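For reference, the structure is listed below as C-alpha cells.
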Amino acid sequence: MNNYNAVLSRNPENVNKDSLSSQTVAFSHYNNLSAQLPIDSETGKLVAGGIKEQAEQCFKNIKSIVESIDHVMNDVVRITVFVKNIKDMDAVDEVYKKYFTNYVPTRTVVAVAALPMDALVQVEALVSNAEGTIPNAPQAGDIIKLTNNTSNAPISSLSSQTVAFSHYNNLSAQLPIDPKLGRIVASGVKEQTVQCLKNIKAILESIDVPFDDIVKINIFLKNISDTEAVNEVYTTFFPDSAIARAVAYMPARTIVEASALPMDALVQIEAVVSHGDGTPPQAIEDRHGLIIEANNTENAPMSSLHTQTVAFSHYNHLSAQLPLDPKTGKMVAGGVKEQAEQCLKNIKAIIESIDHVMDDVVKVNVFLKNIEDIDAVNEVYATFFPGGVPARRIVGVSALPKDALVQIDVVVSNAEGTPPQA
C-alpha cells in the first residue's frame, strides 16, 4: 500500500447511499462495511416480503459492495447478523448458506429490540483488503486468510471459530456451550460467562495465541442487570498473565443488552485478537515491533474493567462510550441529543489523546435505547462527521449500562491514517 495508508471511503452506485456513512471504508488490510439493511437500491425502500426476502437483499447489498472493490464473498472475514426475532435465524441461515458455500467466516448473531426502518434483519461484514482471496495454492509472501477450528470449543457448520488475516484474529461470538455436550451449560449467568470465556481461551490456545492478546471484547447480555455478576467472572480471566498484570492491561470493551440470544443463552461474548507479536506490555521487544498499546486519558471516563483504546498494528479499538461527564463520572443532564454529544466528545478526547483526529475513524457503532431517537442522534452526529465518511451501524437495544439512552463505540485507523494536508 505504498508508504502511506489513507482512509479510503467508497460507495458503489448499485447500493443505497446514506449521506451519513460510507458503504465501505478501507484502511490497511481491512474493509469496514456499513451494516446493510434490506433496502432496494432502485426504490430506496425495504424490499417486499418477509424475513427471507429481507435477508436476501442484505446479502445482495453486501455482495455488490464487495464486488465493487474488486473482492469476492470469500474475502469476508466476519459476519454479524442482527434480527428482530431470534426465531427467524433458521430462515436467515437458508439464505446465508447460498452466499458462503465452501468457506464460512466468523459470525455473531444477536436479536435486538429494533432496527432502522423497522427492518426484520440487518447484516454487517468485515472484509479483507488487498490479497485476501484464498488462492488455490498460497504463494510465498501472499497475505491470506487462515481459518481454524478446535474440538475444545463449540464447532458450527455455519461459521469458523477464528479467521486470521494480516495482524488480526476475528473470533466468532462464543455462546456458553459445553463443547463436549453441545449444550448450554446449566445454572446461571456466572457459569455461562465462565463457559464463554473458556471457549475463547480454548480457541486462542489452539492457534498459539495468549489470552492477553485480546484487544477488544463485546459482551451481549440477556439482562443488563447481570453486568455485575459477569464482571465478577470477567476479572478472574483478565489480566491473564504476570506480564499483563504488571501493567494492569485490560482490553477495550462494549456491553449491551440483547432482546434474545441463540439457544436462549444469558450471555454471548465476541473477541478481536491480535495476530503476531501482540502480547503486552508496551515495549518494543519482539522482532516485528508489533505491540499492543493501551491508552487512557483523564479527559474521558475511565474504568478498571477496560482500557479506553487499545492499538495494535494499523487499528485502534475504542471501548464503548457512555454519555458520562469525565469530571463528575455522572450522566450528563438532558435528553438523547445531549447524551449523544457527550458520547462523541468522549470519543474525540480519546482520539486526540493518541494524536489522531476524528477523520481517522473508519467505523462507528451506535446503540440506541429507542430507535425513534435516530433523527435526533443524526443531527448531533453530523456535526462530528460532516462528511459522513465512516462506515456505520445503528441498532436499537433493550437496555444500556447506567440506563443510558445511547452508547457509541468506534474503530480508528492507527499510524498514517490522517489525510495529508493540501
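Scanning the range 85-103 for residues that are open to solvent by 30 Å² or more (accessible area, probe 1.4 Å) and more than 15 Å from PHE220 (Cα to Cα) yields ASN85, LYS87, ASP88, ASP90, GLU94, LYS97, LYS98, TYR99, THR101, ASN102.
Can you name every residue in the range 13-42 that is open to solvent by 20 Å² or more (accessible area, probe 1.4 Å) and without any contact (Cβ under 8 Å) to a residue 60 or more places away in the chain? Answer for the range 13-42, where residues must be open to solvent by 20 Å² or more (accessible area, probe 1.4 Å) and without any contact (Cβ under 8 Å) to a residue 60 or more places away in the chain: GLU13, ASN14, ASN16, LYS17, ASP40, SER41, GLU42.
Checking the stated criteria, ILE86 turns out to be more than 30 Å from SER313 (Cα to Cα), among the β-branched types (Val, Ile, Thr) and touching a Ser or Thr at 6+ places or on another chain (Cβ under 9 Å). Scan the range 175-190 and tell me whether some residue there is part of a helix (DSSP H, G or I), of a type in the set (A, V, I, L, M, F, W, C) and open to solvent by 10 Å² or more (accessible area, probe 1.4 Å). Yes, the range 175-190 has at least one match. The set of residues in the range 24-55 being among the polar types (S, T, N, Q) and modelled with pLDDT of 95 or more consists of THR24, ASN31, ASN32, SER34, GLN36, GLN54.
Within the range 334-342, the presence of a residue that is closer than 21 Å to ILE214 by Cβ, at pLDDT 95 or above and not polar (S, T, N, Q) is excluded. Considering (1) surrounded by fewer than 17 Cβ atoms within 10 Å (Cβ to Cβ); (2) at pLDDT 95 or above; (3) assigned to a loop (DSSP other than H, G, I, E, B), the lone condition that GLU205 does not fulfil carries the number (3). Selection over the range 85-123 of residues that are within 19 Å of the chain's Cα centre (by Cα) and either among the charged types (D, E, K, R) or more than 30 Å from ASP375 (Cα to Cα) (or both) gives a count of 4.
Pairs meeting the criteria (first residue in the range 392-414 and at positive phi and open to solvent by 20 Å² or more (accessible area, probe 1.4 Å), second residue of a type outside the set (Phe, Trp, Tyr) and assigned to a strand (DSSP E or B), beta carbons under 9 Å, at least 6 apart or on different chains) are LYS402/LEU324; LYS402/MET331; ASP403/MET331.
The values are calculated or read from the model by the stated rules, or taken from the named source; none is laboratory data. Fair warning: this is a prediction, and the values are worked out from it, not measured in the lab. Note that each Cβ is placed from the backbone with ideal geometry, even for glycine, and that neighbours are counted across all protein chains shown. Accessible surface areas use protein heavy atoms only, side chains included; no ligands, DNA or RNA. Shrake-Rupley method; radii C 1.70, N 1.55, O 1.52, S 1.80 Å.
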